[in-house]
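K.L.:
Pasting a structure here, questions to come.
The values are calculated or read from the model by the stated rules, or taken from the named source; none is laboratory data. These numbers come from a predicted model, not from an experiment. Cβ: placed from backbone, ideal geometry, glycine included. Neighbour counts: every protein chain shown. Heads up: the accessible areas ignore ligands, DNA and RNA and are worked out on the full protein's heavy atoms, side chains in. Shrake-Rupley method; radii C 1.70, N 1.55, O 1.52, S 1.80 Å.
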Amino acid sequence: MTSRTRRRQMHLAAHFPGVNSTTVWTDPRSGSQIGFASFVHLARTAERGLFDFFFLAEGLRLREHKGLIHDLDVVGRPESLTVLSALAAVTDRIGLAATVNATFNEPYELARRLASLDHLSGGRAAWNVVTSSDAFTGENFRRGGYLDRADRYTRAAEFVATARELWDSWAPDGVPRPFAHAGEHFAISGEFDVARGPQGHPVVIQAGDSGEGREFAAADADVIFTRHGTLEAGRAFYADVKGRLAAYGRAPDDLKIMPGVTVVLGDTAAEAQEKAAEIRKQQVSPQTALLTLEQVWGRDLSAYDPDGPLPDIDPDPDGELAQGRVKIGDPFAVAARWRAVAEAKGLSIRQTVIETSGRQSFIGTPEAVAAQLDEFVTTGAADGFILIPHLTPGGLDDFVERVVPLLQERGAFRTEYTGPTLRDHLGLPLPATRSPVKG
């Protein structure tokens, strides 16, 4: 490759897991999930690797299973924007992204907090917009209850639009202008008391694979955080979402598609595969296997042997053993699919859960993984990746030390930050200042 050959550059981000089944809690190298030192370590490692942003997950209520706190939940996790504000003081360039729910917050208050983070960090703030239709989570909030699935997306779209009106309500000369918004979900007016931030608007991230989520991202997001599949599935998703942008007057590069992925490295391909298999066993303990099965079957399956066959009884569609979890899907269809896999391969309950649940996306030597990542970007399956390590906080150390230099050698990844803001890292333009809506 000559110096004049232009390579498509990938974007990388680091995800600090929250509510998850990815983390291997029992590994002796596993550290605190709530201590500030863990956040600092992972964020600084990602910044050393020249990643675009550091991404915090967040749940609004501890999940329950059979009336007890879910074993894989994180108890005591500090609020995301507070953590990121502290990280702004101990990092210099890496973007700082917080997951904040649009169902159980209000535009003025959240827009103010995000604008404040953007100022404190010098233009590195990002908001991962999520929604909830969960009545269990809604019990924690004054409004109570929940929104229907369709309503949660209309509220989220209006929430983002209202936040943008607030961020735009300061004139270019630094003078605040009155705003007024009257819509289906919000009716607010006044003056926004935080000046327009260094990057105009914080970067907006949308997490979702549904048709509604794809349309929402195409209309108003800067990044879409999606699930990783095969190369072919990635290309299909990429083409579908990018194809929706023109309807909103947007160019293909205005939205970055970044699937969440995991990586397992080894000195040889065989060693990497062996490590990946061991990690999956650690992630899916016998107890976790039964718990996962109970979420599908909706029944107490504690009498079953996790190393034995799947239950021969049908799921209970009305079973409510789990609270605060996203349903896996149609329980009868999922059970039928799992039974087919188990029968074809002679698998136990635990082996079936391992086989059918999420697994490491990229497994191999550093050279092989670098080549695979590059192929996804150069062939139109992704613009980059959000790495989800199985160890906290040191799970990115090997990737940064062993894979990032190879990506740089291939010309696939930056060798230095070229600007101070997250929009600079992502190659996104500064939003134009729009006049606020007047009542």
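K.L.:
Would you mind finding the one in R61, R48, R77 that is surrounded by 14 or more Cβ atoms within 10 Å (Cβ to Cβ) and at pLDDT 90 or above? I'd like the intermediate steps shown before the answer.
P.N.:
Working: R61 fails: at pLDDT 90 or above; R77 fails: at pLDDT 90 or above.
On inspection, the qualifying residue turns out to be R48.
K.L.:
Filter the stretch 24-52 down to the residues that are hydroxyl-bearing (S, T, Y), touching a helix residue (DSSP H, G or I) at 6+ places or on another chain (Cβ under 7 Å) and in a loop (DSSP other than H, G, I, E, B), then identify the one that is nearest to A97 (Cα to Cα).
P.N.:
Residues of the stretch 24-52 that are hydroxyl-bearing (S, T, Y), as a first pass: 26, 30, 32, 38, 45.
Among the residues that remain, those that are also touching a helix residue (DSSP H, G or I) at 6+ places or on another chain (Cβ under 7 Å) are: 26, 32, 45.
Within this subset, residues satisfying the condition of being in a loop (DSSP other than H, G, I, E, B) are 26, 32.
Numbers: T26: 28, S32: 20 Å.
Filtering the stretch 24-52 for residues that are hydroxyl-bearing (S, T, Y), touching a helix residue (DSSP H, G or I) at 6+ places or on another chain (Cβ under 7 Å) and in a loop (DSSP other than H, G, I, E, B), the one nearest to A97 (Cα to Cα) comes out as S32.
K.L.:
Taking the criterion of being more than 22 Å from A217 (Cβ to Cβ), open to solvent by less than 40 Å² (accessible area, probe 1.4 Å) and assigned by TED's automatic domain parsing to the domain that holds A221, would at least one residue in the stretch 150-169 satisfy it?
P.N.:
Here is the first cut: in the stretch 150-169, the ones more than 22 Å from A217 (Cβ to Cβ) are 169.
Adding the requirement that they be open to solvent by less than 40 Å² (accessible area, probe 1.4 Å) leaves 169.
Those left that are additionally assigned by TED's automatic domain parsing to the domain that holds A221: 169.
Yes, the stretch 150-169 has at least one match.
K.L.:
If I filter the stretch 261-274 for residues that are touching a helix residue (DSSP H, G or I) at 6+ places or on another chain (Cβ under 9 Å), assigned to a strand (DSSP E or B) and either open to solvent by less than 10 Å² (accessible area, probe 1.4 Å) or within 25 Å of N101 (Cα to Cα) (or both), do I get at least one hit?
P.N.:
Checked the stretch 261-274: at least one residue is touching a helix residue (DSSP H, G or I) at 6+ places or on another chain (Cβ under 9 Å), assigned to a strand (DSSP E or B) and either open to solvent by less than 10 Å² (accessible area, probe 1.4 Å) or within 25 Å of N101 (Cα to Cα) (or both).
K.L.:
With a cut-off of at least 3 residues that are modelled with pLDDT of 95 or more, open to solvent by less than 10 Å² (accessible area, probe 1.4 Å) and touching a Cys at 6+ places or on another chain (Cβ under 8 Å), name the helices (runs of 4 or more DSSP H) lying wholly within the stretch 342-439. Please lay out each step first, then the result.
P.N.:
Working: elements: 349-356, 366-378, 404-409, 422-426.
Per the criteria, no element qualifies.
K.L.:
Please tell me if R402 is of a type in the set (K, R), within 30 Å of P178 (Cα to Cα) and in contact with a strand residue (DSSP E or B) (Cβ under 9 Å, 6 or more places away or on another chain).
P.N.:
Numbers: of a type in the set (K, R): yes; within 30 Å of P178 (Cα to Cα): no; in contact with a strand residue (DSSP E or B) (Cβ under 9 Å, 6 or more places away or on another chain): yes.
So R402 does not fit the description; no.
K.L.:
So which residues in the stretch 16-37 are within 25 Å of A125 (Cα to Cα), at pLDDT 85 or above and either β-branched (V, I, T) or open to solvent by 20 Å² or more (accessible area, probe 1.4 Å) (or both)?
P.N.:
Selection gives S32, I34, G35, F36, A37.
K.L.:
Given the conditions (1) touching a residue at least 60 places away in the same chain (Cβ under 8 Å); (2) part of a helix (DSSP H, G or I); (3) open to solvent by less than 30 Å² (accessible area, probe 1.4 Å), which single one is not true for D253?
P.N.:
Going through (1) touching a residue at least 60 places away in the same chain (Cβ under 8 Å); (2) part of a helix (DSSP H, G or I); (3) open to solvent by less than 30 Å² (accessible area, probe 1.4 Å) one by one, D253 breaks only (3).
K.L.:
Could you list, in sequence order, all residues of the stretch 190-203 that are more than 20 Å from L84 (Cα to Cα) and within 32 Å of the chain's Cα centre (by Cα)?
P.N.:
From the stretch 190-203, those more than 20 Å from L84 (Cα to Cα) are 190-193; that's our starting set.
If the condition is that a residue be more than 20 Å from L84 (Cα to Cα) and within 32 Å of the chain's Cα centre (by Cα), then F192, D193 are the ones that fit.
K.L.:
Can you tell me which residue within the stretch 277-289, out of those that are hydrophobic (A, V, I, L, M, F, W, C) and surrounded by 21 or more Cβ atoms within 10 Å (Cβ to Cβ), is nearest to I363 (Cα to Cα)? Give the steps one after another, and end with the answer.
P.N.:
Taking the stretch 277-289 and keeping what is hydrophobic (A, V, I, L, M, F, W, C), we get 277, 279, 284, 289.
Checking the rest, the ones that are also surrounded by 21 or more Cβ atoms within 10 Å (Cβ to Cβ) come to 284, 289.
Numbers: V284: 18, A289: 23 Å.
If we take residues in the stretch 277-289 being hydrophobic (A, V, I, L, M, F, W, C) and surrounded by 21 or more Cβ atoms within 10 Å (Cβ to Cβ), then V284 is nearest to I363 (Cα to Cα).
K.L.:
Which condition does V100 not pass, out of (1) more than 21 Å from T226 (Cα to Cα); (2) among the β-branched types (V, I, T); (3) crowded, with 16+ Cβ neighbours inside 10 Å; (4) at pLDDT 85 or above, if it passes all the others?
P.N.:
Exception for V100: condition (1).
K.L.:
Here is a check on your reading of the model: is R244 in a loop (DSSP other than H, G, I, E, B) and surrounded by fewer than 20 Cβ atoms within 10 Å (Cβ to Cβ)?
P.N.:
On the way: in a loop (DSSP other than H, G, I, E, B): no; surrounded by fewer than 20 Cβ atoms within 10 Å (Cβ to Cβ): yes.
For R244, the condition - in a loop (DSSP other than H, G, I, E, B) and surrounded by fewer than 20 Cβ atoms within 10 Å (Cβ to Cβ) - is not met.
K.L.:
Now for a different question. Taking F54, is it under 16 Å from T82 (Cα atoms), open to solvent by 30 Å² or more (accessible area, probe 1.4 Å) and modelled with pLDDT of 85 or more? Can you show your working first?
P.N.:
Details: under 16 Å from T82 (Cα atoms): yes; open to solvent by 30 Å² or more (accessible area, probe 1.4 Å): no; modelled with pLDDT of 85 or more: yes.
So F54 does not fit the description; no.
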